[in-house]
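Notes to accompany the following structure.
Derivation of every value follows stated rules applied to the coordinates shown; laboratory data play no part. Quick caveat: nothing in here was measured; it's all calculated off a predicted structure. Note that we place each Cβ from the backbone using ideal geometry, even for glycine, and neighbour counts take in every protein chain shown.
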Amino acid sequence: MSKLFRAFLRHPSGRIGLAIISLYLLAAILGTLGLTPHNPLKLFAIDRLKPPSATYWFGTDLLGRDTFSRLMVGIKQSMIIAFSSVALATLFGTVIGLLAAWWGTLWDGILMRIMDVLLAFPAILLALLIIAIVGPGTSTSVAAIAVVYTPIFARVVRGPALSLKQRDFVDAARTFGSSQPYILSRHLLLNLVAPLAVQVTLALAWALLTEAGLSFLGLGTQPPTPSLGLMLAESKNLMTQAPWLMIFPALTIMLGILGFNLTGDALRDILDPRMERREA
Amino acid sequence: MNYVAQRLLTFPLILLGVSVLVFVSIRLVPGDAITAMLGTEAGLLTPAQRAALAAYFGIDQPIWSQYLRWLSGLFQGDLGISSIYGRPVFSVILERFPLTLQLALMSMVIALGVGVPLGVFAATRNEKPSDLVVRILAMLGQSTPSFVIGVLIIYVLSVFFGVVPAMGTFTPLFVDPLASISQLIFPAITLGFAFAASVTRISRSAMLDVLSDDYIRTARSKGASQRSVVWRHALPNALIPVVTLSGVEFGYLLGGAVIVEQIFALPGLGRLVLDAITQRDYALVQGTVLFIAFNFLVVNLLVDLAYVALDPRIRIGGR
């Protein structure tokens, strides 16, 4: 593990990606603890639309709320949604993919065709359908993103699991009398950690993007809770008078996605020996 | 089983699954269709009027018979009647589709026109500073959501050029090609941006792979010029993954770009779905989502078939 970590730190995009993610996690933790420079929800009517200054680092919005503090809470919101939705998708996708590969034939066909049906929807459309059914909110965003990503994880797991299943060491384990759950978790799952790790990181980037997109449409996190997408959407009508309201949320969203994309790329380079260091 | 035959056989099965999923999920949406349609005026309806409306839209039947009726209608090109527009769903979709199709094509032209040359350029200058710049730009492009680009474009246009991009209107291509293209150019750039970044990355790494192949060395040793090696010998093979990526992306774009259409107030398929969902137009949601999923599946099938045609190894070996 420490060898992996050192290889990771030697990789230029790994280093930058990890730095960005750490910064965002720090902001999220401080935001959760309420350690923001100002109260992100409190209205300071006298200080409406103030440009960035020593007091308000990233300026204030129409209601006099501090942009920097709101971004910190927004990051926390995005991180919670991204991490919990990807965790759910990883869990369900891995279980489905493993079982499809292990049981094979009929079950494989049934489970993977169901996954194909889910994959037949453009991602955002599937998310919108779920939001229409349940109504917008934090937990709906989590569910929507999880449902979109579950079939992708199922596919990522099933392929390698199928070939692992035919390997001699699995046969050997069966001959020893190892139980099925033991073989599945010990022999199959452990060997799938590498492809899963790459997919999880890239899924996190995508989850951040989707969460911001859904709140941008007004269908994600609901006000007054600050969210990055909503802050950007609200800046649209004020962009000529108060460009900072647009630029800082836009940069925050971009940088966060970039952090996970860089990390995912670095992980892929390090964990997948067949790929040389080619992609940026 | 043959790969192509297998794909063709599972296709209708998946489409059937999609239709069931759409049909069931839209009925899980809280609130009834008639109230959603008429808003507060629904309260003024007598029970008899309400029942008549329900019968007109067919929502008084049990759910399985509604589904069967809808399914049999599908085969006759009948997707039901939209409660928002009071017209057949299919005609509403056909009205919105040209914009979405044109927008998808324009963004694809932008993405391929920018991405492929950039990717090839970077590959031929592997690990040099210019390669690094292209890679950084591509990574940034891939990490920028379309709505960020869209908002930035509107900002730059209005602040630095004092113009507001044409919004809310769309002239069909055959009526006035120039006006039509110029109306969609900024939305197309918005959508094409991240797409171009992925095309750059894929074509760069594919080009690098191909350039290290034996046959390229043979071509070089025969004395072929660098330009001929790159563009004539290597590019056709390097384009295979680009074709796959573009196909999948095109399938997504045909589903309408919900967010970009929202930013630029364009009447395309994406906004239609969004409106249909928020106004609980059962027939319209079902019809549009099925239409989009159908397009998506057809495009993906075509991409796979193209892949088989381009790469004979799959045809023989199966996957």
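Can you compute log10 of I(q)/I(0) for the range B:59-130 with the Debye formula, treating each Cα as one identical point scatterer, at q = 0.13, 0.15, 0.23 Å⁻¹? The Debye formula, applied to the Cα set alone, gives -0.62, -0.69, -1.01. One chain, two ends: B:ALA55 and B:VAL175. Fully extended at 0.36 nm per residue, the span grows by 39.2 nm beyond their Cα-Cα distance. Residues whose amide H comes within less than 5 Å of that of B:ILE81, counting only those at least five positions distant or on another chain, are B:VAL89 (H built at 1.01 Å from N in the peptide plane).
From most to least packed by mean Cβ count within 10 Å, the peptides B:158-165, B:254-261, A:136-143 give B:254-261, A:136-143, B:158-165.
Only helices at least 24 Å long along their axis, Cα-based, and averaging 1.0 or more on Kyte-Doolittle count here, so list those DSSP H runs from chain B.
Working: long enough: B:3-27 (36 Å, 1.68); B:89-124 (51 Å, 1.70); B:177-211 (42 Å, 1.19); B:235-254 (27 Å, 1.35); B:282-310 (41 Å, 1.87).
Within chain B the helices that satisfy the rule are B:3-27, B:89-124, B:177-211, B:235-254, B:282-310.
Taking Rh as the Kirkwood radius computed over C-alpha pairs, what is the Stokes-Einstein D of chain B at 20 °C in a medium of viscosity 1.002 mPa s, expressed in µm² per second? Each step should come with its number before you reach the end.
On the way: Rh = 22.6 Å.
Answer from the Stokes-Einstein relation: 95 µm²/s.
For a straight C-alpha distance cut-off of 24 angstrom, the lysines reachable from A:LYS42 (same-chain residues fewer than eight places away being disregarded) are A:LYS50, A:LYS76, A:LYS236. In the range B:178-319, the alpha-carbon atoms span a convex hull of 147 Å³ per residue.
Calculate the tail of P(r) for the range B:89-177: the fraction of all Cα-Cα distances greater than 22 Å, expressed in %. Pairs farther apart than 22 Å: 52 percent. Considering only B:SER25, B:SER221, B:SER203, the Gaussian network model of chain B with Cα springs below 10 Å gives its largest mean-square fluctuation to B:SER221.
When restricted to Cα atoms, the protein assembly as shown yields an Rg and a Dmax of 25.6, 87 Å, respectively.
Based on the Cβ-Cβ distance from A:ALA54 to B:ALA265, what FRET efficiency comes out when R0 is 45 Å, to the nearest 0.05? Display every interim value, and only then the final one.
Values: r = 39 Å, r/R0 = 0.87.
In this case the efficiency is close to 0.70.
Quick one: net charge of A:SER84's neighbours, Cβ under 13 Å, K/R +1, D/E -1? Charge balance near A:SER84 sits at 0.
Averaged across B:148-158, how many Cβ atoms of other chains sit within 10 Å of each residue's Cβ atom? Provide the component values of the computation, followed by the final result.
Details: counts 14, 2, 3, 10, 4, 0, 3, 8, 1, 0, 2.
Mean partner-chain Cβ count within 10 Å for B:148-158: 4.
Counted over all Cα-Cα pairs of the range A:1-80, pairs farther apart than 20 Å make up 46 percent.
Put a dot 7 Å past the Cα of B:ILE240, heading toward its Cβ, do the same for A:ASP171, and the two dots end up 3.1 nm apart.
Take peptide A:108-121, look around each residue's Cβ out to 10 angstrom, count Cβ atoms belonging to other protein chains, and average those counts.
Numbers: counts 0, 2, 0, 0, 1, 4, 3, 0, 7, 12, 4, 5, 14, 9.
The mean count of partner-chain Cβ atoms within 10 Å per residue comes to 4.
Placing R0 at 41 angstrom, the Cβ-Cβ distance between B:LEU68 and B:SER182 gives a FRET efficiency of 0.30 after rounding to 0.05.
Other protein chain C-beta atoms within 10 Å of residue C-beta, averaged over B:244-254: 1.
Each residue, B:VAL248 and A:LEU251, gets one label point 7 Å from its Cα in the Cβ direction; the gap between the two is 3.3 nm.
Per residue, the convex hull around the alpha carbon atoms of the range B:96-269 comes to 128 Å³. Rounded if a/c is under 1.5, else prolate if a/b is larger than b/c, else oblate: which is chain A, with a ≥ b ≥ c the root eigenvalues of its Cα gyration tensor? Taking the square roots of the gyration eigenvalues as a ≥ b ≥ c, chain A is prolate. Each label point was placed 7 Å from the Cα along the Cα-to-Cβ direction; for B:SER212 and A:SER185 their separation is 4.0 nm.
Of the DSSP H helices in chain A, those that are both long (alpha-carbon extent of 15 Å or more along the helix axis) and hydrophobic (Kyte-Doolittle mean at least -0.5) are A:12-33, A:67-103, A:105-119, A:123-134, A:138-165, A:193-216, A:244-271. Dipole check for the protein assembly as shown: with +1 at the C-beta of Lys and Arg, -1 at the C-beta of Asp and Glu, and the Cα centre as origin, the magnitude is about 1460 Debye.
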